[in-house]
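The values are calculated or read from the model by the stated rules, or taken from the named source; none is laboratory data. Because the structure is a prediction, the values reported are computed rather than measured. Heads up, the Cβs are rebuilt from the backbone with ideal geometry, glycines too, and the neighbour counts pull from every protein chain shown.
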Amino acid sequence: GQNIDQPTEMTATEGAIVQINCTYQTSGFNGLFWYQQHAGEAPTFLSYNVLDGLEEKGRFSSFLSRSKGYSYLLLKELQMKDSASYLCAVGVNTGGFKTIFGAGTRLFVKA
Amino acid sequence: DAGITQSPRHKVTETGTPVTLRCHQTENHRYMYWYRQDPGHGLRLIHYSYGVKDTDKGEVSDGYSVSRSKTEDFLLTLESATSSQTSVYFCAISEGRGSGNTIYFGEGSWLTVV
């Protein structure tokens, strides 16, 4: 079966760095995605990793280790607007392309 | 923003009534999806489509049916709504394959079954 685990909640301070971890067990792996979702809104795409290593995009970076089934999202210079849920998702190809989501990590940024 | 519109955006319905949610895209993407999102469960795939008249079940398909008669439209039907189907429903689209499988979401449809 498919399984994706990430912490339920995290709290961090404005200006700091926070790392949100995600572990997964899936078949037909076809890339790992991170999405951001503000309360009451739709998820929006943040990053995509298909090869091992770190992808950097401004204040956000995402890391993938396929052998360990592990990814993390790193947020630097935290701002209050970064308070949101962060969804780890795995693309799978099992006859058709699907994306399976973890339950999400709610990040609270405090002043 | 991806050209995805969902309708209705908000609906209250009674138990046992049929409900249809519509998703319309202007991106000509091959794949379309219906997810539901509930506290503690995250986004769960209901059904998806990889082309006109080509659909498949997701992980929570019981009680739902879908149809895709045109590339741009994907309908989700609750044949007989139950209170357990109270949820936020998101339509999503993707081109498929690798990074093209990046999903773009519609704004969501809030459904309450009373």
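Of all positions in the stretch A:61-68, none carries a residue that is aliphatic (A, V, I, L, M) and either more than 26 Å from B:H41 (Cβ to Cβ) or modelled with pLDDT under 95 (or both).
Filtering A:G15, A:G69, A:G91, A:G96 for residues that are touching a strand residue (DSSP E or B) at 6+ places or on another chain (Cβ under 8 Å) and at positive phi leaves a single hit, A:G69.
Output the number of residues of the stretch B:32-63 satisfying the condition of being within 11 Å of chain A (Cβ to nearest Cβ) and hydrophobic (A, V, I, L, M, F, W, C). Number of matching residues: 2. Among residues of the stretch A:77-97 that are surrounded by 24 or more Cβ atoms within 10 Å (Cβ to Cβ), those with a Cβ under 8 angstrom from a residue that is of a type in the set (D, E, K, R), sequence gap 6+ or separate chain, pair up as A:G91/A:K98; A:F97/B:R97. The set of residues from the stretch A:1-40 being in a loop (DSSP other than H, G, I, E, B) and within 11 Å of chain B (Cβ to nearest Cβ) comprises A:G1, A:Q2, A:Q6, A:T8, A:G40.
Every test in (1) within 21 Å of B:C91 (Cα to Cα); (2) at pLDDT 95 or above is passed by A:S71 save one, and that test is (1).
Determine, yes or no, whether B:Q6 is within 14 Å of another protein chain (Cβ to nearest Cβ), of a type outside the set (S, T, Y) and touching a residue at least 12 places away in the same chain (Cβ under 8 Å). Considered against the rule, which asks whether it is within 14 Å of another protein chain (Cβ to nearest Cβ), of a type outside the set (S, T, Y) and touching a residue at least 12 places away in the same chain (Cβ under 8 Å), B:Q6 comes out as yes. Identify all residues within the stretch A:41-63 that are surrounded by fewer than 19 Cβ atoms within 10 Å (Cβ to Cβ) and part of a loop (DSSP other than H, G, I, E, B); write none if there are none. Listed by number, the residues that qualify are A:E41, A:V50, A:L51, A:D52, A:G58, A:R59.
Looking only at residues in the stretch B:71-95 that are of a type in the set (S, T, N, Q) and in contact with a strand residue (DSSP E or B) (Cβ under 7 Å, 6 or more places away or on another chain), the one that is nearest to the other protein chains (Cβ to nearest Cβ) is B:S94. Restricting attention to the stretch B:44-57 and to residues that are more than 23 Å from B:G16 (Cα to Cα) and under 11 Å from the mean Cα position of the chain (by Cα), the residue that is surrounded by the most Cβ atoms within 10 Å (Cβ to Cβ) turns out to be B:Y48. Could we say that B:V114 is over 27 Å from A:L46 (Cβ atoms), of a type in the set (A, V, I, L, M, F, W, C) and either within 9 Å of chain A (Cβ to nearest Cβ) or surrounded by 14 or more Cβ atoms within 10 Å (Cβ to Cβ) (or both) here? Against the criterion (over 27 Å from A:L46 (Cβ atoms), of a type in the set (A, V, I, L, M, F, W, C) and either within 9 Å of chain A (Cβ to nearest Cβ) or surrounded by 14 or more Cβ atoms within 10 Å (Cβ to Cβ) (or both)), B:V114 does not qualify. Only residues that are surrounded by fewer than 13 Cβ atoms within 10 Å (Cβ to Cβ) and in contact (Cβ under 8 Å) with a residue 60 or more places away in the chain were counted across the stretch A:18-40, and they come to 1.
Cβ-Cβ contacts under 6 Å between residues 6 or more apart (or on different chains), taken from a first residue in the stretch B:13-36 that is assigned to a loop (DSSP other than H, G, I, E, B) to a second residue that is of a type in the set (D, E, K, R), are listed as B:P18/B:E79; B:H29/B:E95.
Going by what's in this entry, would B:L43 be described as part of a strand (DSSP E or B), out of contact with any Ser or Thr (no Cβ under 8 Å at 6 or more places or on another chain), touching a residue at least 12 places away in the same chain (Cβ under 8 Å) and not acidic (D, E)? Judged against the criteria, B:L43 is a match. Among the residues in the stretch B:96-110, are any more than 9 Å from chain A (Cβ to nearest Cβ) and touching a residue at least 60 places away in the same chain (Cβ under 8 Å)? So far as the stretch B:96-110 goes, yes, one or more of its residues are more than 9 Å from chain A (Cβ to nearest Cβ) and touching a residue at least 60 places away in the same chain (Cβ under 8 Å).
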